[in-house]
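One structure is given below, encoded as structure tokens.
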Amino acid sequence: MTQFLVAMVGVWAFAVLFHAPRRFYGACALCGCVDWVVYLIATTEYQAGPAVASVAAATVLAIVSAVLSIQLKAPSTMFLLPGIFPLVPGAGIYYAAYYMIQGDLTLAAAKGVETLLVAGGIALGLMIGAAFSNIARRLIGTVGRMRG
């Protein structure tokens, strides 16, 4: 519960920092909560690695952002950009640089590779979610035209 609330407040703060319209603060915070909860479930319940959990969380985030963009008539990036922040591997980048400065190149390389895998997982998840959203829009549009 604590991580859920911290993700919500953190993403809300980023929405404020990025000058999102006030009416979207709650939706942005919701996106951050949803992707962090998916990440936590993937890592704790399914013992997925950070990269795989990032793929799952980013996929769900992209889909939720697309749905919110339709419902709230706003660009999906309005919700996607602040919502992605809980997944960004900032600590991994820090520790890779720290270990490099300390001279422990083995740990630096391991953290660097893990960080790149997480970043790649986020990118892959966003692409998968965008593809699902586009397919769903086309199917809904096709069904709508068939009925109308």
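Pick from 62, 42, 58, 48: which is open to solvent by 20 Å² or more (accessible area, probe 1.4 Å), modelled with pLDDT of 95 or more, under 21 Å from residue 127 (Cα atoms) and in contact with a helix residue (DSSP H, G or I) (Cβ under 8 Å, 6 or more places away or on another chain)?
48 is the lone residue from the list that is open to solvent by 20 Å² or more (accessible area, probe 1.4 Å), modelled with pLDDT of 95 or more, under 21 Å from residue 127 (Cα atoms) and in contact with a helix residue (DSSP H, G or I) (Cβ under 8 Å, 6 or more places away or on another chain).
This table checks each residue for (1) closer than 20 Å to residue 27 by Cα; (2) buried (at least 18 other Cβ atoms within 10 Å of the Cβ); (3) in contact with a helix residue (DSSP H, G or I) (Cβ under 6 Å, 6 or more places away or on another chain); (4) without any contact (Cβ under 8 Å) to a residue 60 or more places away in the chain.
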site	(1), (2), (3), (4)
84	yes, yes, no, yes
95	no, yes, yes, yes
101	no, no, no, yes
126	yes, yes, yes, no
133	yes, yes, yes, no
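When you look at residue 105, is it more than 18 Å from residue 10 (Cβ to Cβ), of a type outside the set (Gly, Ala, Ser) and touching a helix residue (DSSP H, G or I) at 6+ places or on another chain (Cβ under 7 Å), yes or no?
no
Suppose we keep only residues that are polar (S, T, N, Q) and in a helix (DSSP H, G or I) within region 46-64. Which one would you say is nearest to residue 128 (Cα to Cα)? Working first, answer last.
Filtering region 46-64 for residues polar (S, T, N, Q) gives 47, 54, 59.
Okay, now just the ones that are also in a helix (DSSP H, G or I), so 54, 59.
On the way: 54: 12, 59: 6 Å.
Checked region 46-64; the qualifying residue nearest to residue 128 (Cα to Cα) is 59.
Under 6 Å by Cβ, and 6 or more places apart or on different chains, what pairs join a residue from region 15-37 that is closer than 9 Å to residue 82 by Cα with one that is open to solvent by 60 Å² or more (accessible area, probe 1.4 Å)?
Going by the 6 Å Cβ cut-off, the qualifying pairs are 29/8; 29/12.
Picking from 6, 67, 11, which residue would you name as being assigned to a helix (DSSP H, G or I) and crowded, with 21+ Cβ neighbours inside 10 Å?
Selected residue: 11, the only one of 6, 67, 11 that is assigned to a helix (DSSP H, G or I) and crowded, with 21+ Cβ neighbours inside 10 Å.
With the requirement that a residue be open to solvent by less than 60 Å² (accessible area, probe 1.4 Å) and not polar (S, T, N, Q), what does region 72-82 give you?
Initial filter on region 72-82 (open to solvent by less than 60 Å² (accessible area, probe 1.4 Å)): 74, 76, 78-80, 82.
Matches in region 72-82: 74, 78, 79, 80, 82.
Open to solvent by 40 Å² or more (accessible area, probe 1.4 Å), free of Cβ contacts under 8 Å to residues at least 24 places away in the same chain and out of contact with any Leu (no Cβ under 7 Å at 6 or more places or on another chain): is that true of residue 1 in this structure? Even if it seems obvious, please write down each step before you answer.
Numbers: open to solvent by 40 Å² or more (accessible area, probe 1.4 Å): yes; free of Cβ contacts under 8 Å to residues at least 24 places away in the same chain: yes; out of contact with any Leu (no Cβ under 7 Å at 6 or more places or on another chain): yes.
Criteria met by residue 1.
Of the residues that sit in region 18-45 and are among the small types (Gly, Ala, Ser) and part of a helix (DSSP H, G or I), which one is nearest to the chain's Cα centre (by Cα)?
Of everything passing the filter in region 18-45, 32 is nearest to the chain's Cα centre (by Cα).
Looking at region 103-124, which of the residues that are open to solvent by 60 Å² or more (accessible area, probe 1.4 Å) and within 25 Å of residue 31 (Cα to Cα) is farthest from the chain's Cα centre (by Cα)?
114
The values are calculated or read from the model by the stated rules, or taken from the named source; none is laboratory data. As the structure is a prediction and not an experimental result, all values here were calculated from the model. Cβ coordinates were reconstructed from backbone atoms using ideal geometry, including for glycine residues, and neighbour counts include every protein chain displayed. Heavy atoms of the whole protein, side chains included, go into the accessibility calculation; ligands, DNA and RNA do not. Shrake-Rupley method; radii C 1.70, N 1.55, O 1.52, S 1.80 Å.
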